[in-house]
Amino acid sequence: MEWIGTISLVVLLLLCMRRLLRRGWRAESPAPDVMSVPVLRWSADDVYTARMATENLLVVGASGAGKSSGSGRALALGLLGNAKAGLLVCCAKSSEVALWEEYCAATGRTADLRVIRPGGPWRFNPVSYELTREGGVGAAENVVGLLEAILECADRQGDSGGARDDEAYWRRATKQLIRNFVDLLILATGTVTIDALYRAVISAPQSLDEVRSEQWRSSSFCFKLLAEADKRSKNGSQTQDFALVADYVLCEFCTLSAKTRSVVVSCLTSQLDPMQRGVLRELFGTDTTLTPGDCESGAVIVCGLPTQIYRETGVIANAVLKYCWQRCMEGRRLDAASRPVYLWCDEFQTFVSSRDAAFLAACRSSGVGCAFLTQGVPGVYAALGGGDKARALADSIFGNCGLKVFHANSDPQTNEWASRLIGRTLQYRASGSRSHSADNQFAALLGLDWMQDNGSVNWGFSEVMEAEVEPREFTRLRTGGPDNNWIVEGIVFQNGREFKASGRTWLPVQFNQRA
């Protein structure tokens, strides 16, 4: 009967092993690395991954060179389809919203698409969002930063030169005005709206006599806010903030010269005016149905107010979304399952800001990348205000784009810049000469070739540093369309990489517009 006990023991062991195997008692395969997913292939042996894309990319080409329909299209489809990335898309062209709807449909991402446009379900209140955003430096400073971004893009649309140094005082004075009145609204009401900010500023006292006036006190919205903030209980920090606000409104602001005060107020109210009316009020001044953080879950947020159609309104809408998105992504917490997230700006010169350089320098550590498409470097220099400071900012932005794709271009400055970026190599040049004596030269002039000797011949080689890609080569790249069989040519350059297909840091590539 011992064999029965042995069989029972074996059966029991088998059952235990089966249970352990069901519980996963075996070597588990490692979780897939989402950042190693190929976005596209430059050649059979050269892959561009989602991780590489977080080092940012710049696509440069003249209008009609095929940058949007060539490399831009291939990159967008790769980010959507292969990397399953979340994106914020800033739109300049009137056709861009429809283009991204097509991209999402082609990659099965239509359910992730969020287009912010008039009459649609998607809205975003940036002021409320910045007041409550996690990881901010403080509610007031978050809102001040947002309003600064609005002022900067409004300045650029008004041809005031972007970040010009000669307007530094007015910018500081306007920022001081914003900070104090935002603090006043928070202390008095606990929230901030564009309408309330406007009403508070225009009802502020214009003189010390008005401060003492009972008529002003009884009718001024600003004074009502001061009185309400004074009554509310405050902690130590809020007490200090209120003292600063009261001193500014009742002592400093009202004693400014009339001209200075009117300019500072006008700088704020005139540029906030678009936010108080029309589609901006509808889409950015009511409730919130999406936030920039939705991109981390795979949302593809498209600003459906292209600047080509909506002009200044479109610029402000895109700038607000871009600013809040960048601030949100700066505080992003990564884990093994975090998906890549990207900012996409075609016609980048329309959306560039003074904050982009700092964002690009650090965004990779948050699993975030930026894709910028533009005609050339002069447009970005001009959009930032021109001058040495603008060039330094633009060069910093370009330098933090690890991948660059160059398409056909006839701008000498851009082509020279691209050629210098790719660099020079040591090349050999052959040279030679032939000489004759004076008598033989005389015979040659008379046509008496039979009198000449062979003379002497000199030849040799020299080493010179020459550009690997001459600037003229960028003018010869194919631009797609039926005349080129829908083929767009480009030259890809990537920092710290030697392409296997070329053995160099650059690689000629082709894109099929019909593929």
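The values are calculated or read from the model by the stated rules, or taken from the named source; none is laboratory data. None of these values were measured; they are calculated from a predicted model. Heads up, the Cβs are rebuilt from the backbone with ideal geometry, glycines too, and the neighbour counts pull from every protein chain shown.
Worth pointing out:
- In region 253-265, residue farthest from ALA200 (Cα to Cα) [restricted to those that are surrounded by 12 or more Cβ atoms within 10 Å (Cβ to Cβ) and without any contact (Cβ under 8 Å) to a residue 24 or more places away in the chain]: LEU256
- Test: residue in region 184-194 that is surrounded by fewer than 19 Cβ atoms within 10 Å (Cβ to Cβ), among the aliphatic types (A, V, I, L, M), in a helix (DSSP H, G or I) and free of Cβ contacts under 8 Å to residues at least 60 places away in the same chain: no
- Only residues that are among the hydrophobic types (A, V, I, L, M, F, W, C), surrounded by fewer than 22 Cβ atoms within 10 Å (Cβ to Cβ) and free of Cβ contacts under 8 Å to residues at least 60 places away in the same chain were counted across region 330-366, and they come to 5.
- Selection over region 480-490 of residues that are on the phi < 0 side of the Ramachandran plot and surrounded by fewer than 20 Cβ atoms within 10 Å (Cβ to Cβ) gives a count of 4.
- Set side by side, the residues ARG277, ARG281, ARG217 differ, and just one is exposed (fewer than 13 other Cβ atoms within 10 Å of the Cβ) and on the phi < 0 side of the Ramachandran plot, which is ARG277.
- Residue list for region 472-494, restricted to those being charged (D, E, K, R) and in a loop (DSSP other than H, G, I, E, B): ARG476, ARG478
- Selection within region 89-123: residues that are acidic (Asp, Glu) and surrounded by fewer than 18 Cβ atoms within 10 Å (Cβ to Cβ). The member of this set that is farthest from THR307 (Cα to Cα) is GLU102.
- GLN326 vs. criteria outside the structural domain of THR193 (by TED's automatic domain parsing), in a helix (DSSP H, G or I), closer than 26 Å to SER366 by Cα and not aliphatic (A, V, I, L, M): yes
- Taking region 293-327 as the range and being within 18 Å of SER353 (Cα to Cα) and not hydrophobic (A, V, I, L, M, F, W, C) as the test, the residues that pass are PRO306, THR307, ARG311, GLU312, THR313, GLY314, ASN318, LYS322, TYR323, GLN326, ARG327.
- Which numbered condition LEU373 fails, given (1) in contact with a Phe, Trp or Tyr (Cβ under 8 Å, 6 or more places away or on another chain); (2) in a loop (DSSP other than H, G, I, E, B); (3) of a type in the set (A, V, I, L, M): (2)
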